[in-house]
Amino acid sequence: MNQINEPQASLQFSFMGEGALLCEVVNANAKLELVVQQRIWQLAHSVKEQLGVLEVVPGMNNLLVVFDPIRDLVTNLKAQIQHLWMVRLATSIDNCSAKFHHIPVVYGGDMGVDIVDLAAYAGLSVEEVIERHSQAEYTVYALGSQPGLPYLGGLDPQLNKPRRASARTQVKAGAVIIGGSQASVLSRTSACGWHIIGYTAIECFNPASEPAALFSPGDTVKFIVEEVCL
């Protein structure tokens with residue numbers, strides 16, 4: 001089989017307790033890019049087949065590997081992970097389980113309190129912010145921060161605004177949010193330092209469902225304008 005070597009992005013390993021290993025991409029050029037996340041997903045797919053591995057959790061530019069701490073396998077496991085990262089198959093994984101989600105959004109108003117400020121920051125009208133946000137096609141890079149919350153890549157660069165200096169103490173689940181170069185949907189009512197531009201009634205996380213999380217890494221998301229409140 002043909003193989004591809006990509007040594008420009010290496011991994012750094014850190015222990016997370018006695019039974020987990022955090023594998024982080026360390027490279028100045030390893031920004032939040034789809035190609036890096038695709039390699040993370042591929043690594044997760046390969047590592048979960050290794051002896052003693054109990055669970056793999058893809059993150060943003062990282063992979064958490066949970067293993068059986070009773071087994072004396074750490075040194076060998078690190079070597080296997082490094083090999084799988086540095087030398088990967090030329091063919092990509094057939095992600096047949098990836099889904100396409102249409103998420104209806106009510107933009108602005110009381111449920112999108114930051115959209116006017118975001119528009120002013122970006123030098124756009126509110127209508128242009130909505131157009132750019134809803135026309136983009138997003139990829140779920142990872143789930144994190146809270147159960148079922150998707151980190152979405154694909155945000156229009158002009159809508160990139162650093163997170164708030166201080167978080168709001170309570171933001172309702174379903175808030176459609178922007179933080180830096182990423183978009184997301186809040187999956188649980190909680191504190192949040194991202195900018196709120198709208199709201200969706202779609203439930204991102206339900207522990208009674210199977211699976212509990214609506215989104216999975218690799219899924220595609222498109223926001224649909226349901227209503228605009230100015």
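Values in this text are rule-based calculations from the coordinates and carry no lab data. On a predicted model such as this, the values are computed, not experimentally measured, just so you know. Note that we place each Cβ from the backbone using ideal geometry, even for glycine, and neighbour counts take in every protein chain shown.
A few remarks follow.
- Between Arg39, Arg71, Arg188, the Gaussian network model of the chain with springs among Cα atoms under 10 angstrom shows the greatest mean-square fluctuation at Arg71.
- Peptides 47-58, 162-173, ordered by how many other C-beta atoms sit within 10 Å of their residues on average, highest first, read 47-58, 162-173.
- Neighbourhood charge, 12 Å Cβ-Cβ cut-off, centred on Ser187 and excluding it, Lys, Arg +1 and Asp, Glu -1: +1
- Residues whose amide H falls under 5 Å from that of Ala173, counting only those 5 or more places apart or on a different chain, are Thr189, Ser190, with hydrogens built in the peptide plane.
- In terms of its alpha-carbon gyration tensor, the range 100-229 comes out prolate; a/c meets the 1.5 threshold, and the first ratio a/b outweighs b/c.
- Long-range amide H partners of Phe67 with built H, under 5 Å: Ala20, Leu21, Leu54
- Virtual spin-label span in nm between Glu49 and Gln146, 7 Å along Cα→Cβ: 3.7
- Per-residue extension of 0.36 nm, minus the Cα-Cα distance of Gln170 and Phe13, leaves a gain of 53.1 nm for this segment.
- Here's the list of lysines a cross-link from Lys78 could span, going by alpha-carbon distance under 28 Å and ignoring same-chain residues fewer than 8 apart: Lys31, Lys48.
- Here the spin labels are modelled as points 7 Å beyond Cα on the Cα-Cβ line, and at Asn76 and Val57 they lie 2.6 nm apart.
- Ratio of Rg to Rh for the chain: 1.01 [Cα atoms; Kirkwood radius as inverse mean 1/r over pairs].
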